[in-house]
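The values are calculated or read from the model by the stated rules, or taken from the named source; none is laboratory data. Everything numeric here is computed off the predicted structure, so don't read it as measured data. Quick reminder, even Gly has a Cβ in these numbers, built from the backbone with ideal geometry, and neighbours come from all protein chains shown. Protein only, heavy atoms only, side chains kept; ligands, DNA and RNA dropped before computing areas. Shrake-Rupley method; radii C 1.70, N 1.55, O 1.52, S 1.80 Å.
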Amino acid sequence: DGHSQLSAYERKRLKNITENAKFFASLKLHESAARLNQLTTKRQSHVTKRVNDSRPRKAEEEPARRRSMRLLRVEPLDLPLLESLARPAPEEYPQVPAGPLPMVPEDQAESSKWTETLLSTWMRISEVNTDHADWSTPDIKRYQESLSSMVLSEENVRKVVKARVCSLAIHPSQSTILVAAGDKLGHVGLWNVGCRAEEGAHTFIPHSFQVSCMYFSPSNPAHLLSLGSDTLRCADVTRAVFDEICRSEESFSCFDFLEENACSAIVSHWDGAVAVVDRRSPGLSPELSADLGFRRTRTVHVHPLNRHYFLAAGSVDVCVFDVRYLKAEGNKPLSSLPGHTKSVASAYFSPVTGNRVVTMCADDKLRRPGSRRDTSDICTLPFPCRHNSNTGRWLSRFRPIWDPKQEHCFLVGSMAQPRQILVFQDTGTLLHSHRGQFLTSVCSINVVHPSQSILVGGNSSGRLHVF
(Lines give C-alpha, C1' and ligand atoms only; values in the text may rest on other atoms or scores of the structure.)
Protein backbone atom coordinates (compact mmCIF):
# COMPACT_ATOMS: atom_id res chain seq x y z
CA ASP A 1 0.00 0.00 0.00
CA GLY A 2 2.94 2.36 0.40
CA HIS A 3 1.28 4.41 3.14
CA SER A 4 1.99 2.22 6.18
CA GLN A 5 3.63 5.12 7.99
CA LEU A 6 0.28 7.04 7.93
CA SER A 7 -2.11 6.91 10.77
CA ALA A 8 -5.48 5.19 10.57
CA TYR A 9 -7.27 8.56 10.17
CA GLU A 10 -5.14 9.67 7.22
CA ARG A 11 -5.55 6.33 5.49
CA LYS A 12 -9.30 6.60 5.88
CA ARG A 13 -9.25 10.15 4.40
CA LEU A 14 -7.27 9.07 1.33
CA LYS A 15 -9.62 6.18 0.75
CA ASN A 16 -12.60 8.55 0.71
CA ILE A 17 -10.83 10.88 -1.75
CA THR A 18 -10.08 7.98 -4.08
CA GLU A 19 -13.67 6.72 -4.02
CA ASN A 20 -15.01 10.20 -4.66
CA ALA A 21 -12.66 10.66 -7.62
CA LYS A 22 -13.84 7.41 -9.13
CA PHE A 23 -17.46 8.48 -8.63
CA PHE A 24 -16.99 11.87 -10.34
CA ALA A 25 -15.07 10.19 -13.16
CA SER A 26 -18.04 7.87 -13.74
CA LEU A 27 -20.28 10.96 -14.13
CA LYS A 28 -18.18 12.21 -17.06
CA LEU A 29 -18.58 15.85 -16.02
CA HIS A 30 -15.72 16.99 -18.26
CA GLU A 31 -17.50 15.76 -21.35
CA SER A 32 -20.74 17.41 -20.26
CA ALA A 33 -18.93 20.71 -19.64
CA ALA A 34 -17.24 20.54 -23.03
CA ARG A 35 -20.56 19.82 -24.75
CA LEU A 36 -22.23 22.71 -22.86
CA ASN A 37 -19.42 25.02 -23.86
CA GLN A 38 -19.81 23.98 -27.48
CA LEU A 39 -23.57 24.66 -27.46
CA THR A 40 -23.05 28.08 -25.89
CA THR A 41 -20.50 29.04 -28.50
CA LYS A 42 -22.85 28.11 -31.34
CA ARG A 43 -25.78 30.13 -29.85
CA GLN A 44 -23.63 33.25 -29.49
CA SER A 45 -22.60 33.04 -33.10
CA HIS A 46 -26.23 33.73 -34.18
CA VAL A 47 -26.46 36.99 -32.16
CA THR A 48 -26.18 40.08 -34.39
CA LYS A 49 -23.76 42.59 -33.04
CA ARG A 50 -24.53 46.26 -33.53
CA VAL A 51 -21.65 47.89 -35.25
CA ASN A 52 -21.06 51.61 -34.83
CA ASP A 53 -20.69 52.24 -38.49
CA SER A 54 -20.95 55.87 -39.49
CA ARG A 55 -20.65 55.18 -43.16
CA PRO A 56 -23.65 56.46 -45.20
CA ARG A 57 -25.94 53.72 -46.38
CA LYS A 58 -27.13 53.43 -49.87
CA ALA A 59 -30.59 54.72 -50.63
CA GLU A 60 -31.80 51.35 -51.85
CA GLU A 61 -30.83 49.73 -48.56
CA GLU A 62 -33.19 52.02 -46.52
CA PRO A 63 -36.88 51.05 -46.40
CA ALA A 64 -39.33 53.73 -47.48
CA ARG A 65 -40.70 55.72 -44.53
CA ARG A 66 -44.34 56.85 -44.44
CA ARG A 67 -44.86 60.59 -44.11
CA SER A 68 -48.21 62.23 -43.44
CA MET A 69 -49.60 64.52 -46.13
CA ARG A 70 -50.29 67.11 -43.44
CA LEU A 71 -46.60 67.29 -42.49
CA LEU A 72 -45.58 67.34 -46.13
CA ARG A 73 -48.17 70.14 -46.75
CA VAL A 74 -49.54 68.28 -49.72
CA GLU A 75 -53.16 68.96 -50.66
CA PRO A 76 -55.49 65.94 -50.69
CA LEU A 77 -57.04 64.87 -53.94
CA ASP A 78 -60.58 66.10 -53.19
CA LEU A 79 -60.42 68.44 -50.20
CA PRO A 80 -58.47 71.74 -50.19
CA LEU A 81 -55.91 72.24 -47.47
CA LEU A 82 -56.82 74.73 -44.80
CA GLU A 83 -53.81 76.98 -44.47
CA SER A 84 -54.57 78.06 -40.92
CA LEU A 85 -57.14 77.06 -38.36
CA ALA A 86 -57.97 80.14 -36.30
CA ARG A 87 -59.44 79.73 -32.85
CA PRO A 88 -63.01 81.02 -32.56
CA ALA A 89 -63.22 84.25 -30.63
CA PRO A 90 -65.01 84.04 -27.28
CA GLU A 91 -68.66 85.04 -27.43
CA GLU A 92 -69.24 88.52 -26.04
CA TYR A 93 -72.32 90.54 -25.24
CA PRO A 94 -73.01 93.33 -27.73
CA GLN A 95 -72.13 96.66 -26.16
CA VAL A 96 -75.01 99.10 -26.52
CA PRO A 97 -73.89 102.72 -26.93
CA ALA A 98 -74.91 105.35 -24.40
CA GLY A 99 -77.63 107.89 -25.14
CA PRO A 100 -80.98 107.58 -26.92
CA LEU A 101 -81.52 104.58 -29.21
CA PRO A 102 -84.04 104.22 -32.05
CA MET A 103 -86.80 101.72 -31.48
CA VAL A 104 -85.76 99.37 -34.29
CA PRO A 105 -85.80 95.55 -33.89
CA GLU A 106 -82.46 93.79 -33.75
CA ASP A 107 -82.95 91.89 -37.02
CA GLN A 108 -83.87 94.99 -39.05
CA ALA A 109 -81.84 97.91 -40.29
CA GLU A 110 -84.86 100.19 -40.10
CA SER A 111 -88.43 100.05 -38.89
CA SER A 112 -90.71 97.86 -41.03
CA LYS A 113 -94.47 97.94 -41.48
CA TRP A 114 -94.83 95.10 -38.98
CA THR A 115 -92.90 97.03 -36.37
CA GLU A 116 -94.94 100.14 -37.09
CA THR A 117 -98.11 98.10 -36.65
CA LEU A 118 -96.99 96.86 -33.25
CA LEU A 119 -95.89 100.31 -32.09
CA SER A 120 -99.08 101.94 -33.36
CA THR A 121 -101.12 99.38 -31.42
CA TRP A 122 -99.14 100.23 -28.30
CA MET A 123 -99.71 103.94 -28.88
CA ARG A 124 -103.44 103.48 -29.51
CA ILE A 125 -104.17 101.45 -26.39
CA SER A 126 -102.11 103.87 -24.27
CA GLU A 127 -104.44 106.74 -25.13
CA VAL A 128 -107.39 105.01 -23.43
CA ASN A 129 -107.94 105.90 -19.79
CA THR A 130 -106.81 103.02 -17.59
CA ASP A 131 -107.63 104.61 -14.25
CA HIS A 132 -108.28 101.86 -11.73
CA ALA A 133 -110.25 103.94 -9.23
CA ASP A 134 -113.44 101.99 -10.01
CA TRP A 135 -111.82 98.57 -9.83
CA SER A 136 -113.10 96.50 -6.94
CA THR A 137 -111.40 93.70 -5.07
CA PRO A 138 -113.42 90.47 -5.43
CA ASP A 139 -113.99 88.18 -2.48
CA ILE A 140 -112.01 84.96 -2.21
CA LYS A 141 -114.78 82.76 -3.61
CA ARG A 142 -115.33 84.80 -6.77
CA TYR A 143 -111.60 85.23 -7.12
CA GLN A 144 -111.06 81.48 -6.95
CA GLU A 145 -113.74 80.95 -9.60
CA SER A 146 -112.01 83.41 -11.92
CA LEU A 147 -108.73 81.52 -11.41
CA SER A 148 -110.36 78.23 -12.38
CA SER A 149 -111.68 79.77 -15.60
CA MET A 150 -108.23 80.78 -16.84
CA VAL A 151 -106.68 78.43 -19.43
CA LEU A 152 -103.52 78.23 -21.52
CA SER A 153 -103.92 77.53 -25.25
CA GLU A 154 -101.22 76.57 -27.72
CA GLU A 155 -101.36 79.89 -29.60
CA ASN A 156 -100.71 81.74 -26.33
CA VAL A 157 -97.25 80.20 -25.94
CA ARG A 158 -94.48 81.94 -27.82
CA LYS A 159 -90.74 82.55 -27.74
CA VAL A 160 -90.38 86.34 -27.45
CA VAL A 161 -86.73 86.85 -26.36
CA LYS A 162 -83.60 84.81 -27.04
CA ALA A 163 -82.36 84.06 -23.53
CA ARG A 164 -83.65 83.50 -20.01
CA VAL A 165 -86.53 85.74 -18.98
CA CYS A 166 -85.50 88.00 -16.07
CA SER A 167 -88.39 90.50 -16.00
CA LEU A 168 -91.94 90.91 -17.30
CA ALA A 169 -94.43 93.75 -17.66
CA ILE A 170 -98.00 93.81 -18.96
CA HIS A 171 -99.82 96.81 -20.41
CA PRO A 172 -102.88 97.85 -18.36
CA SER A 173 -105.10 98.00 -21.45
CA GLN A 174 -108.44 96.22 -21.10
CA SER A 175 -108.82 95.60 -24.84
CA THR A 176 -105.41 94.35 -26.00
CA ILE A 177 -102.88 92.07 -24.30
CA LEU A 178 -99.43 93.63 -24.80
CA VAL A 179 -96.58 91.95 -22.92
CA ALA A 180 -92.95 93.09 -22.53
CA ALA A 181 -90.15 90.70 -21.55
CA GLY A 182 -86.52 91.36 -20.65
CA ASP A 183 -83.88 88.64 -20.85
CA LYS A 184 -80.37 87.92 -19.62
CA LEU A 185 -78.65 89.36 -22.72
CA GLY A 186 -80.24 92.82 -22.54
CA HIS A 187 -83.03 92.17 -25.04
CA VAL A 188 -86.53 93.59 -24.62
CA GLY A 189 -89.31 91.76 -26.45
CA LEU A 190 -92.78 93.14 -27.19
CA TRP A 191 -95.63 90.75 -27.99
CA ASN A 192 -99.16 91.60 -29.05
CA VAL A 193 -100.78 88.36 -27.89
CA GLY A 194 -103.89 88.91 -29.98
CA CYS A 195 -101.85 89.04 -33.21
CA ARG A 196 -101.52 85.46 -34.42
CA ALA A 197 -99.03 86.29 -37.16
CA GLU A 198 -95.31 85.77 -36.72
CA GLU A 199 -94.83 89.53 -36.87
CA GLY A 200 -96.80 90.01 -33.66
CA ALA A 201 -93.59 89.97 -31.58
CA HIS A 202 -90.40 91.97 -32.00
CA THR A 203 -87.15 92.09 -30.04
CA PHE A 204 -85.07 95.19 -29.32
CA ILE A 205 -81.62 95.61 -27.74
CA PRO A 206 -81.64 98.67 -25.45
CA HIS A 207 -79.25 97.18 -22.85
CA SER A 208 -75.89 95.45 -22.84
CA PHE A 209 -76.61 93.06 -19.98
CA GLN A 210 -79.45 91.51 -18.01
CA VAL A 211 -82.78 93.36 -17.86
CA SER A 212 -83.66 92.73 -14.23
CA CYS A 213 -86.74 94.94 -13.80
CA MET A 214 -89.41 96.44 -16.04
CA TYR A 215 -92.64 98.47 -15.64
CA PHE A 216 -95.14 100.31 -17.81
CA SER A 217 -95.53 103.81 -16.40
CA PRO A 218 -98.72 103.89 -14.26
CA SER A 219 -99.51 107.43 -15.38
CA ASN A 220 -98.54 107.06 -19.06
CA PRO A 221 -98.51 103.48 -20.39
CA ALA A 222 -96.90 104.75 -23.61
CA HIS A 223 -93.66 104.67 -21.57
CA LEU A 224 -91.95 101.38 -20.72
CA LEU A 225 -89.11 101.70 -18.22
CA SER A 226 -86.50 98.95 -18.17
CA LEU A 227 -83.46 98.52 -15.93
CA GLY A 228 -80.27 96.97 -17.24
CA SER A 229 -77.09 96.34 -15.29
CA ASP A 230 -75.64 99.74 -16.15
CA THR A 231 -78.52 101.97 -17.24
CA LEU A 232 -82.18 102.83 -16.70
CA ARG A 233 -84.07 103.50 -19.96
CA CYS A 234 -87.53 104.63 -20.96
CA ALA A 235 -89.06 103.34 -24.18
CA ASP A 236 -91.25 106.18 -25.48
CA VAL A 237 -93.49 104.77 -28.19
CA THR A 238 -94.73 108.24 -29.22
CA ARG A 239 -91.20 109.09 -30.37
CA ALA A 240 -90.08 105.50 -31.11
CA VAL A 241 -86.92 105.90 -29.03
CA PHE A 242 -85.26 104.37 -25.96
CA ASP A 243 -84.29 107.34 -23.79
CA GLU A 244 -81.59 107.02 -21.17
CA ILE A 245 -82.58 108.20 -17.69
CA CYS A 246 -79.68 107.15 -15.48
CA ARG A 247 -76.31 105.49 -15.97
CA SER A 248 -73.90 104.13 -13.39
CA GLU A 249 -70.70 102.11 -13.24
CA GLU A 250 -72.20 100.09 -10.38
CA SER A 251 -74.49 97.22 -11.30
CA PHE A 252 -78.22 97.94 -10.95
CA SER A 253 -80.56 95.26 -9.60
CA CYS A 254 -84.13 96.68 -9.24
CA PHE A 255 -86.22 99.85 -9.21
CA ASP A 256 -89.69 101.14 -8.31
CA PHE A 257 -91.56 104.43 -8.70
CA LEU A 258 -91.61 106.81 -5.76
CA GLU A 259 -94.49 108.81 -7.26
CA GLU A 260 -97.63 107.76 -9.10
CA ASN A 261 -96.67 109.96 -12.04
CA ALA A 262 -93.44 107.91 -12.36
CA CYS A 263 -91.23 111.00 -12.36
CA SER A 264 -88.93 109.71 -9.63
CA ALA A 265 -87.75 106.24 -8.70
CA ILE A 266 -85.68 104.37 -6.14
CA VAL A 267 -83.00 102.20 -7.78
CA SER A 268 -81.00 99.50 -5.99
CA HIS A 269 -77.44 98.35 -6.63
CA TRP A 270 -76.08 94.84 -6.23
CA ASP A 271 -73.42 96.12 -3.82
CA GLY A 272 -76.05 97.13 -1.25
CA ALA A 273 -76.62 100.82 -2.04
CA VAL A 274 -79.70 102.59 -3.40
CA ALA A 275 -80.09 105.73 -5.50
CA VAL A 276 -82.89 108.25 -5.97
CA VAL A 277 -83.46 109.14 -9.63
CA ASP A 278 -85.56 112.05 -10.88
CA ARG A 279 -86.49 112.01 -14.57
CA ARG A 280 -87.07 115.77 -14.58
CA SER A 281 -83.47 116.57 -13.68
CA PRO A 282 -80.94 117.02 -16.49
CA GLY A 283 -78.06 114.62 -16.79
CA LEU A 284 -77.74 110.91 -16.07
CA SER A 285 -76.55 111.07 -12.44
CA PRO A 286 -78.84 110.19 -9.51
CA GLU A 287 -80.09 112.79 -7.07
CA LEU A 288 -78.83 110.83 -4.08
CA SER A 289 -76.83 107.68 -3.37
CA ALA A 290 -77.24 105.97 0.00
CA ASP A 291 -75.56 102.96 1.59
CA LEU A 292 -78.09 100.78 3.39
CA GLY A 293 -75.47 98.60 5.05
CA PHE A 294 -76.48 95.52 3.05
CA ARG A 295 -74.02 93.20 1.36
CA ARG A 296 -76.54 92.81 -1.46
CA THR A 297 -79.74 94.64 -2.39
CA ARG A 298 -81.77 92.48 -4.73
CA THR A 299 -85.16 94.19 -4.79
CA VAL A 300 -86.76 97.46 -3.69
CA HIS A 301 -90.51 98.08 -3.49
CA VAL A 302 -92.42 101.25 -2.59
CA HIS A 303 -95.41 101.25 -0.23
CA PRO A 304 -98.65 101.68 -2.28
CA LEU A 305 -100.11 104.38 0.02
CA ASN A 306 -97.22 105.97 1.91
CA ARG A 307 -94.84 106.24 -1.01
CA HIS A 308 -91.96 107.63 1.03
CA TYR A 309 -91.57 104.16 2.58
CA PHE A 310 -89.76 101.51 0.58
CA LEU A 311 -88.90 97.89 1.27
CA ALA A 312 -85.37 96.61 0.55
CA ALA A 313 -84.41 92.93 0.37
CA GLY A 314 -80.75 91.96 0.67
CA SER A 315 -78.69 88.89 1.47
CA VAL A 316 -80.58 87.97 4.65
CA ASP A 317 -82.02 91.42 5.34
CA VAL A 318 -85.55 92.68 4.69
CA CYS A 319 -85.99 96.22 6.00
CA VAL A 320 -88.25 99.24 5.61
CA PHE A 321 -86.63 102.65 5.04
CA ASP A 322 -87.92 106.20 4.72
CA VAL A 323 -86.60 107.87 1.58
CA ARG A 324 -86.95 111.30 3.21
CA TYR A 325 -84.21 110.51 5.71
CA LEU A 326 -81.73 108.77 3.44
CA LYS A 327 -78.13 109.92 3.61
CA ALA A 328 -74.86 108.78 2.12
CA GLU A 329 -73.94 106.50 5.05
CA GLY A 330 -75.23 105.36 8.41
CA ASN A 331 -78.86 104.74 7.39
CA LYS A 332 -81.02 102.96 9.96
CA PRO A 333 -84.16 101.02 8.95
CA LEU A 334 -87.55 101.88 10.39
CA SER A 335 -88.39 98.21 10.72
CA SER A 336 -86.83 94.83 10.00
CA LEU A 337 -88.32 91.46 9.12
CA PRO A 338 -86.20 88.84 10.91
CA GLY A 339 -86.18 85.08 10.51
CA HIS A 340 -84.51 84.65 7.13
CA THR A 341 -81.61 82.22 7.47
CA LYS A 342 -80.39 82.31 3.85
CA SER A 343 -80.35 84.75 0.94
CA VAL A 344 -83.59 86.58 0.18
CA ALA A 345 -84.60 86.77 -3.48
CA SER A 346 -87.38 89.36 -3.22
CA ALA A 347 -89.81 91.17 -0.93
CA TYR A 348 -92.99 93.04 -1.95
CA PHE A 349 -95.75 95.02 -0.23
CA SER A 350 -99.35 93.93 -0.74
CA PRO A 351 -100.96 95.99 -3.54
CA VAL A 352 -103.91 97.73 -1.88
CA THR A 353 -103.00 98.60 1.71
CA GLY A 354 -99.35 97.58 1.94
CA ASN A 355 -100.11 95.93 5.30
CA ARG A 356 -98.56 92.65 4.20
CA VAL A 357 -95.21 91.63 2.79
CA VAL A 358 -94.36 88.42 0.93
CA THR A 359 -90.72 87.29 0.81
CA MET A 360 -88.91 84.48 -0.96
CA CYS A 361 -85.89 82.95 0.79
CA ALA A 362 -83.42 80.24 -0.19
CA ASP A 363 -84.35 78.29 2.96
CA ASP A 364 -87.42 77.01 1.01
CA LYS A 365 -89.90 79.18 2.89
CA LEU A 366 -92.40 81.77 1.72
CA ARG A 367 -93.06 84.32 4.45
CA ARG A 368 -96.01 86.65 4.79
CA PRO A 369 -95.34 88.99 7.71
CA GLY A 370 -98.43 90.91 8.72
CA SER A 371 -98.71 94.48 9.90
CA ARG A 372 -100.61 97.09 11.79
CA ARG A 373 -100.90 100.63 10.55
CA ASP A 374 -97.69 101.60 12.26
CA THR A 375 -94.71 100.59 10.11
CA SER A 376 -92.60 100.03 13.23
CA ASP A 377 -94.76 96.95 13.93
CA ILE A 378 -94.67 95.51 10.44
CA CYS A 379 -93.25 92.14 11.47
CA THR A 380 -95.81 90.97 14.04
CA LEU A 381 -97.50 88.08 12.20
CA PRO A 382 -94.98 85.83 10.46
CA PHE A 383 -96.51 82.90 8.58
CA PRO A 384 -93.91 80.72 6.81
CA CYS A 385 -95.05 78.44 4.00
CA ARG A 386 -92.91 75.61 2.63
CA HIS A 387 -91.90 76.04 -1.01
CA ASN A 388 -89.04 74.53 -3.00
CA SER A 389 -86.97 77.52 -4.13
CA ASN A 390 -83.89 75.59 -5.32
CA THR A 391 -83.97 76.70 -8.95
CA GLY A 392 -80.24 76.16 -9.60
CA ARG A 393 -77.99 78.27 -11.78
CA TRP A 394 -79.87 77.89 -15.08
CA LEU A 395 -83.24 79.22 -13.90
CA SER A 396 -84.15 82.67 -12.65
CA ARG A 397 -84.90 82.75 -8.94
CA PHE A 398 -88.57 82.68 -7.97
CA ARG A 399 -90.20 86.01 -7.15
CA PRO A 400 -93.65 85.71 -5.53
CA ILE A 401 -95.85 88.61 -6.62
CA TRP A 402 -99.15 89.91 -5.29
CA ASP A 403 -102.16 89.90 -7.58
CA PRO A 404 -103.04 93.61 -8.04
CA LYS A 405 -106.74 92.71 -7.95
CA GLN A 406 -106.57 90.86 -4.63
CA GLU A 407 -105.04 92.10 -1.39
CA HIS A 408 -104.75 88.65 0.18
CA CYS A 409 -103.34 86.48 -2.65
CA PHE A 410 -99.98 86.08 -4.35
CA LEU A 411 -98.50 83.90 -7.11
CA VAL A 412 -95.20 82.06 -7.45
CA GLY A 413 -93.61 79.56 -9.82
CA SER A 414 -92.98 75.97 -8.84
CA MET A 415 -90.42 73.20 -9.38
CA ALA A 416 -93.13 70.53 -9.04
CA GLN A 417 -94.19 68.14 -11.79
CA PRO A 418 -96.35 68.67 -13.76
CA ARG A 419 -95.19 72.25 -14.26
CA GLN A 420 -97.46 74.83 -12.66
CA ILE A 421 -97.83 78.34 -11.25
CA LEU A 422 -99.21 78.42 -7.71
CA VAL A 423 -101.68 80.90 -6.19
CA PHE A 424 -101.56 81.18 -2.39
CA GLN A 425 -103.76 82.99 0.08
CA ASP A 426 -101.90 85.05 2.69
CA THR A 427 -102.83 82.41 5.29
CA GLY A 428 -100.68 79.88 3.43
CA THR A 429 -103.64 78.10 1.79
CA LEU A 430 -103.11 76.99 -1.80
CA LEU A 431 -106.03 78.39 -3.80
CA HIS A 432 -105.22 77.26 -7.33
CA SER A 433 -102.53 75.73 -9.55
CA HIS A 434 -102.26 77.07 -13.10
CA ARG A 435 -101.22 74.15 -15.28
CA GLY A 436 -101.91 72.59 -18.66
CA GLN A 437 -100.52 70.44 -21.42
CA PHE A 438 -98.76 73.43 -22.98
CA LEU A 439 -96.96 74.41 -19.78
CA THR A 440 -93.91 72.15 -19.91
CA SER A 441 -91.25 74.29 -18.20
CA VAL A 442 -90.65 76.23 -15.00
CA CYS A 443 -91.99 79.80 -15.09
CA SER A 444 -89.79 81.63 -12.59
CA ILE A 445 -90.94 85.15 -13.54
CA ASN A 446 -94.64 86.02 -13.63
CA VAL A 447 -96.84 89.10 -14.01
CA VAL A 448 -100.60 89.62 -13.54
CA HIS A 449 -102.86 92.08 -15.34
CA PRO A 450 -104.10 94.82 -12.99
CA SER A 451 -107.77 94.54 -14.01
CA GLN A 452 -108.25 91.40 -16.14
CA SER A 453 -107.90 87.69 -15.36
CA ILE A 454 -104.65 87.41 -17.30
CA LEU A 455 -101.42 85.78 -16.08
CA VAL A 456 -98.12 85.70 -18.00
CA GLY A 457 -95.26 83.38 -17.06
CA GLY A 458 -91.73 83.43 -18.50
CA ASN A 459 -89.23 80.56 -18.55
CA SER A 460 -85.47 80.20 -18.98
CA SER A 461 -85.56 79.85 -22.78
CA GLY A 462 -87.34 83.16 -23.49
CA ARG A 463 -90.78 81.63 -23.91
CA LEU A 464 -93.93 83.28 -22.54
CA HIS A 465 -97.13 81.53 -21.45
CA VAL A 466 -100.36 83.55 -21.26
CA PHE A 467 -103.26 82.19 -19.19
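Given a Förster distance of 25 Å, report the FRET efficiency between Leu284 and Asn220 from their Cβ-Cβ distance, rounded to the nearest 0.05.
Numbers: r = 21 Å, r/R0 = 0.83.
That gives a FRET efficiency of 0.75.
Keeping all protein chains in place and using 1.4 angstrom, which order do Met150, Met103, Met415, Met69 fall into by accessible surface area, from largest down? Spell out each step's value before the answer.
Values: Met150 30, Met103 5, Met415 50, Met69 100 Å².
These residues rank, largest area first, as Met69, Met415, Met150, Met103.
Would you work out the charge dipole size for the stretch 159-256 about its Cα centre, treating the Cβ of every Lys and Arg as +1 and the Cβ of every Asp and Glu as -1, and quote it to the nearest 20 debye? Walk me through the numbers on the way to the answer.
Values: 8 positive and 10 negative charges, 70 e Å.
Using Cβ point charges on Lys, Arg, Asp and Glu, the stretch 159-256 gives about 340 debye.
About the Cα centre of the stretch 227-359, how large is the charge dipole given +1 on each Lys and Arg Cβ and -1 on each Asp and Glu Cβ? Please answer in debye to the nearest 20.
Working: 14 positive and 16 negative charges, 80 e Å.
For this selection, approximately 380 debye.
What does the extension gain come out to for Glu19 and Arg66, with contour length at 0.36 nm per residue minus their alpha carbon separation?
My answer for the length gained is 9.8 nm.
Cα gyration tensor of the stretch 119-257, axes a ≥ b ≥ c as square roots of the eigenvalues: rounded (a/c below 1.5), prolate (a/b > b/c) or oblate? Walk me through the numbers before you get to the answer.
On the way: a/c = 1.58, a/b = 1.45, b/c = 1.09.
Prolate, since a/c reaches 1.5 and a/b exceeds b/c.
Distance cut-off 30 Å, Cα to Cα: go down the list Lys113/Lys184; Lys159/Lys342; Lys184/Lys342; Lys113/Lys162 and report the pairs above it. Walk me through the intermediate numbers first.
Working: Lys113/Lys184 28 Å; Lys159/Lys342 33 Å; Lys184/Lys342 24 Å; Lys113/Lys162 22 Å.
Long pairs (Cα-Cα over 30 Å): Lys159/Lys342.
Could you please report the charge total around Leu258, scoring K, R as +1 and D, E as -1 over all other residues with beta-carbon less than 15 angstrom from its beta-carbon? Walk me through the numbers before you get to the answer.
Details: positive: Arg279, Arg280, Arg307, Arg324; negative: Asp256, Glu259, Glu260, Asp278, Glu287, Asp322.
Here the count lands on -2.
Please give the length that would be gained between Lys141 and Ser112 if that part of the chain were fully extended, namely 0.36 nm times their separation in residues minus their C-alpha to C-alpha distance (nm, one decimal).
Numbers: separation 29, 0.36 × 29 = 10.44 nm, distance 4.70 nm.
Contour length minus the Cα-Cα distance gives 5.7 nm.
Compare the peptides 286-294, 229-237, 256-264 by average per-residue count of other Cβ atoms within 10 angstrom and give them in order, highest first. Present the calculation step by step, with values, prior to reporting the outcome.
Details: 286-294: 18.0, 229-237: 21.3, 256-264: 16.3.
Descending mean neighbour count gives 229-237, 286-294, 256-264.
Please give the peptides 403-409, 170-176 ranked by average Cβ packing (other Cβ atoms within 10 Å per residue), highest first, as a rough proxy for protection. Mind dumping the intermediate values first?
Values: 403-409: 21.0, 170-176: 18.3.
Listed from highest to lowest mean packing, they are 403-409, 170-176.
Rank these residues by their accessible area, most exposed first, probe 1.4 Å: Tyr9, Tyr348. Let's see the in-between values first.
Working: Tyr9 170, Tyr348 25 Å².
In descending accessible area the options line up as Tyr9, Tyr348.
Mind running the shape call on the stretch 222-345? Use the C-alpha gyration tensor, a ≥ b ≥ c as the square roots of the eigenvalues: rounded below 1.5 for a/c, prolate if a/b tops b/c, oblate otherwise.
Details: a/c = 1.86, a/b = 1.71, b/c = 1.09.
It comes out prolate by the Cα gyration axes.
Between Ser441 and Lys327, what FRET efficiency follows from the Cβ-Cβ distance if R0 is 56 Å, with the result rounded to 0.05?
Details: r = 45 Å, r/R0 = 0.80.
After rounding to 0.05, the efficiency reads 0.80.
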